[in-house]
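Inspection log for the structure reproduced underneath, given as structure tokens.
The values are calculated or read from the model by the stated rules, or taken from the named source; none is laboratory data. Quantities reported herein were computed from a predicted structural model and do not represent experimental measurements. When we count neighbours, we look across all protein chains shown, and the Cβ atoms used for this are built from the backbone with ideal geometry, even at glycine. Keep in mind that these areas ignore ligands, DNA and RNA; they rest on the heavy atoms of the full protein, side chains included. Shrake-Rupley method; radii C 1.70, N 1.55, O 1.52, S 1.80 Å.
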Amino acid sequence: MQSSVFIGVPGEMWKAEEGIYQDVRFVVSDCRAAPAQHSSTSDIRQGCPLSPYLFIILRTAVMADSVGSSDDLPCHGIALADDTNLISQSVQDFTRLLHSVESRAAEDGLEVAASKCGHIRVNGSRGPEQQLKTWNEELVPVVTSQVHLGSLVTNDQQSSKGLGGRVSTAGATMKKLQDFWKHATTAWKLRMFNTVITSQVLYGLDTIWLLK
């Protein structure tokens with residue numbers, strides 16, 4: 001909650017927010033057992049309109065403190081939605097930045113799950129000396145591609161694979177909608193096409209590689 005101060009939220013307001021999240025309890029009920037209360041101490045509360053904003057504030061503070069304090073590093077950190085991109089020209093500088101982010105995140109109970117990360121090498125050495133490790137010596141898997149905000153980012157900087165997959169997915173969706181097309185008006189068809197098909201093809205295209 002104290003990260004709210006980073007964006008200028010008055011102390012009395014973030015303290016009121018903190019009260020909402022103290023001693024949070026929830027109930028899981030089914031038809032076979034009596035409902036029991038459980039405590040919630042982490043994660044985003046589903047259905048809570050405030051939680052995503054608080055998470056974004058926390059992420060912003062973590063990235064600003066870690067990346068902003070590393071002026072000597074030729075690196076960049078980008079936090080988008082629930083994804084984080086760290087960009088550097090060398091593994092050595094990248095490692096220093098990653099450890100800086102990890103150290104700052106740990107202050108708020110956050111940690112990097114190396115197994116869920118991907119190390120994409122672009123126009124660089126493929127030798128074993130380029131292995132990237134977290135501060136507790138976990139290896140970050142080297143991958144040739146990674147899905148980022150719905151787009152496929154590849155180490156060869158080609159967007160054809162990702163675009164091809166999008167077109168295939170949209171084509172499969174079109175086939176599933178064939179039964180609806182038979183009984184729908186032209187206006188409804190256009191509305192569904194723009195809402196469903198066009199969105200599947202165009203969503204997140206601002207993250208793909210742009211080549212000359």
Failed item in (1) under 24 Å from V143 (Cβ atoms); (2) modelled with pLDDT under 80; (3) open to solvent by less than 80 Å² (accessible area, probe 1.4 Å), with P52 passing the rest = (1)
query = Name the residues in segment 57-89 that are modelled with pLDDT of 80 or more and either at positive phi or surrounded by fewer than 16 Cβ atoms within 10 Å (Cβ to Cβ) (or both), would you?
reply = T60
task = Hey, can you tell me all the residues within segment 127-149 that are in contact with a Leu (Cβ under 9 Å, 6 or more places away or on another chain) and at pLDDT below 75?
result = H148, L149
request  = Being open to solvent by 40 Å² or more (accessible area, probe 1.4 Å) and in contact with a Ser or Thr (Cβ under 9 Å, 6 or more places away or on another chain) is the filter; apply it to segment 95-108 and report the residue that is nearest to T134 (Cα to Cα).
outcome  = H99
ask   = Here is a list of conditions, (1) open to solvent by 70 Å² or more (accessible area, probe 1.4 Å); (2) part of a helix (DSSP H, G or I); (3) modelled with pLDDT under 80; (4) of a type outside the set (V, I, T), and R45 meets all of them except one; can you say which number that is?
value = (2)
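Matching residues to (1) basic (K, R); (2) in contact with a strand residue (DSSP E or B) (Cβ under 9 Å, 6 or more places away or on another chain):
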{"site": "Q157", "(1), (2)": "no, no"}
{"site": "G162", "(1), (2)": "no, yes"}
{"site": "W181", "(1), (2)": "no, no"}
{"site": "R191", "(1), (2)": "yes, no"}
request  = Would you check which residues across segment 9-23 are over 15 Å from L58 (Cβ atoms), open to solvent by less than 90 Å² (accessible area, probe 1.4 Å) and in a loop (DSSP other than H, G, I, E, B) and list them?
outcome  = P10
request  = List every residue pair whose Cβ atoms lie under 6 Å apart, where the two residues are 6 or more positions apart in sequence or sit on different chains, the first residue falls within segment 109-121 and is surrounded by 14 or more Cβ atoms within 10 Å (Cβ to Cβ), and the second residue, located anywhere, is in a loop (DSSP other than H, G, I, E, B) and charged (D, E, K, R).
outcome  = A114/E138
key: Residue check for K133: within 24 Å of the chain's Cα centre (by Cα), of a type in the set (K, R) and open to solvent by less than 90 Å² (accessible area, probe 1.4 Å)   = yes
note = Residue hits (segment 142-173; open to solvent by less than 30 Å² (accessible area, probe 1.4 Å), over 13 Å from I197 (Cα atoms) and part of a helix (DSSP H, G or I)) are G162
